[in-house]
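Only one structure is covered here, and it is reproduced in the block below.
Read the figures in this text as sums done on the coordinates, not as results from a lab. This is a predicted model, so every value here is computed, not measured. Using ideal geometry, Cβ is built from the backbone for each residue, glycine included, and neighbour counts are taken over all protein chains shown.
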Amino acid sequence: MHAVVVRHVHTGSATSEMARAGHLRLRRFSVPAVPLGTLYSAPGTPSPDTVHMYLHEAGAVDAVTIEKINIVKLANRSAEYTSSVNPMGEVPALVLADGSAITESLVICRYLDAELTGGAGSPLTGESSVERAQTDMWCARVETKLLVPLFWAVRCGPLAKFFAERLPGYIHPEVVPPMAKATQTGLAWLESELADGRPFLCGERFSIADIRLYVNYKFLTNVAKDLCATEEAHPALCAYMARIGARDAAQAILKPKKK
């Protein structure tokens, strides 16, 4: 049985200029009395945090049981994990009641969104076929044009040692310069897109495309600060990142500061 709660999903600008076409939509998220599954996760890393931020945006953090996996100690590569959770040895992975597993962060978000809305979808994924297509389009665009080169510039650069035994055959430091250059091209492309003044990738609607971009960009550029957008060259992109960073869900996934 699901308990029906009304969640306010903000789809407009998070700045003081909210009046410009921004608005609140009501979406009924049906929070399950019993968790939908167990989410094997490593909070503080990009793909898991994509799901965590979605759950916070949906007000559904209790919709799954969280099982933290120590990826530093390679718990996700253990025989137990790869045989019973995810043969790819990756996180996140959502294991359902029947033992089947769903992997890949955006796929998990789409599954949860469908379950929590009775298949209707929310603004986070799209409430119509057009909105869903627009969300998927922007997920693909930011992935191919910016996040892929940024991933490899960081994985084969500052994080090469960490990934060497985790991705054997994939880590090649010689690709860092061209991937870094491609990242700068991607930043320039995204700046040109956001220069039209839209608050989010899908216009006034905040979506999982924004979550995916924000979470991964912030993590990767925190590791490789020389690949960050700059206020001088990318003012619209920097303002966009600040808007998302101010959201409650973005604040919720931050690691507590050590005292």
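List of remarks:
- In plain terms, the residue of 150, 159 with the fewest other Cβ atoms within 10 Å comes first and the most crowded comes last, giving 159, 150.
- Over 21 Å between alpha carbons, listed pairs 73/145; 68/225; 218/255; 145/225: 73/145; 68/225
- nm² value of the averaged projected area, convex hull over the Cα atoms of the chain: 15.1 nm²
- Measuring r between the beta carbons of residue 225 and residue 97 and using R0 = 51 Å, the FRET efficiency lands at 0.75.
- Calculated FRET efficiency for the pair residue 34/residue 255, C-beta based, R₀ 35 Å, to 0.05: 0.75
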